[in-house]
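Q: This is the structure, below, for whatever I ask next.
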Amino acid sequence: MSAVRVAIVAEYYPRAADPVLGVWAHRQALAARDAGADVRVLVLHRPLPPLAAVKRGDVGALRAALRQPPRATLDGIEVRYVPYLSPPRPWSYATWGAWAAPALGRALRELRATFPFELVHAHYAVPAGDAVRRAAPDAPLVVSVHGGDVLATARRSAYARRVVTRAFAHARLVLCNSAGTAARCDALGAPATTVVHLGTDLPAAPRPAPPPGPVDPAAPATLVTVGHLVPRKRHVDVLEALARLAPRWPGLRWEVVGDGPERERLRARAAALGVADRVALRGQLPPAAARERAWRGDLLVLPSVDEAFGVAYVEAMAGGVPAIGCAGEDGPEEIAAAGDGLVRVPPRDPAALADAIERLLRDPGRR
């Protein structure tokens with residue numbers, strides 16, 4: 001029996017200048033290949049820097065986008081980068097599938113000539129799923145939803161909602177990263193949904209248990225956060241909680257793995273709160289290095305909102321590190337229901353976050 005041939009279409013996928021971008025989509029492609037599928041990947045590549053990079057005159061971001069090679073082989077999988085142009089993201093993201101469709105159509109026709117794929121798997125309804133719907137309407141389509149379609153894009157405007165619902169209606173199946181995401185896709189007209197949780201690797205050896213007995217607040221203790229530096233991740237709430245705890249916990253530090261537009265704002269806020277010497281912004285790290293950082297911490301703290309799943313929580317817990325997320329969020333609620341490794345706090349509440357951190361630090365048995 002021959003292997004099923006799958007063409008994956010994704011916007012977020014590792015690039016030469018950013019090997020971490022969309023690494024979860026690449027890992028799913030590897031898993032499909034290892035399960036017996038024959039896989040090729042087409043990446044929707046917009047060779048323009050983000051509008052924020054243009055405004056700050058970031059020439060490096062422009063050069064990085066333009067220098068992306070058209071083809072690559074990543075872990076044995078053939079990847080083609082399909083360039084297209086579109087207006088800036090803030091007000092036009094829902095239209096990007098239409099802008100990408102002509103170039104994607106040519107790429108799919110060329111791919112079919114040498115690789116007669118039987119299925120297209122699009123990561124996100126917009127722009128990938130919408131572009132496939134327009135470019136190859138006869139190809140059986142599966143769409144994976146990772147959260148943004150239903151928590152951001154469909155809420156942006158009536159037009160954006162229609163684009164998302166049309167992509168869902170065209171799909172044979174919509175794969176969702178949590179039950180909450182599936183319910184949102186159902187409400188937007190997905191014909192069939194199934195939940196596929198993201199997983200993680202395990203450490204080579206279990207984490208040693210913390211020593212029993214009273215905890216010394218002056219002893220070193222590390223909070224770790226792994227996540228893009230954007231407002232919805234609520235890194236500022238961790239800063240505020242750290243400032244509340246600092247007088248009672250002189251040994252407490254916070255390490256942040258990730259980068260993004262909030263970096264300088266967080267630096268300034270840490271200085272204003274008097275905790276700059278307790279904060280280490282590590283920048284973006286390769287996935288394995290990011291997991292290692294999380295596993296060396298005492299707590300993973302990520303009070304983000306609009307969190308469809310949150311693989312960072314799972315990665316920390318796999319290494320024996322308890323995690324803190326927000327109540328009422330799809331991913332944290334579902335992960336917490338599987339065991340007691342994730343503590344939930346009210347969103348946008350630094351005082352409640354500080355209390356949860358302190359309770360866990362004082363309770364080695366719970367950790």
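The values are calculated or read from the model by the stated rules, or taken from the named source; none is laboratory data. Model, not experiment: these values are computed from the prediction. Here the Cβ positions follow ideal geometry from the backbone for every residue, glycine too, while neighbour counts run over all protein chains shown. These accessible areas exclude ligands, DNA and RNA; they are computed on the full protein's heavy atoms, side chains included. Shrake-Rupley method; radii C 1.70, N 1.55, O 1.52, S 1.80 Å.
Q: May I ask you to evaluate 6.51 cos²θ - 1.76 cosθ + 1.60, the Karplus curve with θ = phi - 60°, for each residue of region 166-175 and list the ³J(HN,Hα) values in order in whole Hz, giving x for glycine and proline?
A: Going residue by residue, I get 5, 5, 4, 4, 6, 6, 6, 8, 10, 8 Hz, with x marking Gly and Pro.
Q: Trypsin sites (Lys or Arg not before Pro) within region 139-206: which are DSSP loop residues with at most 13 other Cβ atoms inside 10 Å?
A: Numbers: sites: 155, 156, 161, 162, 166, 172, 184; in loops: 172.
Of the trypsin sites (Lys or Arg not before Pro), the ones in loops of region 139-206 whose Cβ has at most 13 other Cβ atoms within 10 Å are 172.
Q: Keeping every protein chain present and rolling a 1.4 Å probe, give me the accessible area per residue for region 79-149 in Å².
A: Numbers: 2600 Å² over 71 residues.
Computed with neighbouring chains in place, this is 37 Å² per residue.
Q: From the phi of every residue in region 208-220, what ³J(HN,Hα) in whole Hz does the Karplus formula 6.51 cos²θ - 1.76 cosθ + 1.60 yield, where θ is phi - 60° and glycine or proline is x?
A: x, 5, x, x, x, x, x, 9, 8, x, 7, 6, x
Q: Another one. Taking H placed 1.01 Å from N in the peptide plane, check which residues at least 5 places from residue 39 or on another chain put their amide H under 5 Å from its amide H.
A: 6
Q: Just to be sure I understand: with springs between alpha-carbon atoms less than 10 Å apart, which residue in 105, 260, 339 has the highest mean-square fluctuation in the Gaussian network model of the chain?
A: 339
Q: Between residue 201 and residue 359, what FRET efficiency follows from the Cβ-Cβ distance if R0 is 25 Å, with the result rounded to 0.05? Write out the running numbers ahead of the final one.
A: Numbers: r = 29 Å, r/R0 = 1.16.
The computed FRET efficiency comes out at 0.30.
Q: Whenever you get a sec, line up 228, 26 from highest to lowest accessible area (probe 1.4 Å, protein heavy atoms).
A: Solvent-accessible surface, decreasing: 228, 26.
Q: Under a crude label model (7 Å from the Cα following the beta-carbon direction), how far is residue 337 from residue 162 in nanometres?
A: 3.5 nm
Q: Still on this model: For labels at residue 115 and residue 155 in the simple 7 Å Cα→Cβ model, what's the distance in nm?
A: 3.6 nm
Q: Sequence gap at least 6, Cα distance under 8 Å: using those rules, report the relative contact order of the chain to the nearest whole percent. Let's see the in-between values first.
A: Details: 718 pairs, mean separation 45.1, N = 367.
That works out to 12 percent.
Q: Can you run phi through the Karplus equation (6.51, -1.76, 1.60; θ = phi - 60°) for region 234-248 and list ³J(HN,Hα) in whole Hz, with x for Gly and Pro?
A: Along region 234-248, the couplings run 6, 4, 4, 5, 5, 4, 5, 5, 4, 5, 5, 7, 3, x, 8 Hz.
Q: Another question about this same structure. Give the long-range amide H neighbours of residue 260: residues separated by 5 or more places, or on another chain, with amide H under 5 Å away, using H modelled in the peptide plane at 1.01 Å from N.
A: 229
Q: Between residue 197 and residues 5 or more places away or on another chain, which pairs have amide H atoms under 5 Å apart, with H built 1.01 Å from N, and which residues are they?
A: Residues meeting the criterion, in which the H sits 1.01 Å from N, do not exist here.
Q: Would you calculate the separation in nanometres between label points at residue 232 and residue 172, each defined as 7 Å from the Cα along the Cα-to-beta-carbon direction?
A: Here the answer is 3.0 nm between the modelled labels.
Q: Here's a follow-up. About the Cα centre of the chain, how large is the charge dipole given +1 on each Lys and Arg Cβ and -1 on each Asp and Glu Cβ? Please answer in debye to the nearest 20. Before the final figure, lay out the partial values.
A: Details: 47 positive and 36 negative charges, 228 e Å.
Dipole size: approximately 1100 debye.
Q: So, by mean Cβ neighbours within 10 angstrom, what's the order for 290-301, 74-85 with the highest one leading? Present the calculation step by step, with values, prior to reporting the outcome.
A: On the way: 290-301: 21.1, 74-85: 16.1.
The packing order, highest mean first, is 290-301, 74-85.
Q: In terms of the Cα gyration tensor, with a ≥ b ≥ c the square roots of its eigenvalues, is region 71-218 rounded because a/c is under 1.5, prolate because a/b exceeds b/c, or oblate?
A: Working: a/c = 2.12, a/b = 1.61, b/c = 1.31.
Prolate.
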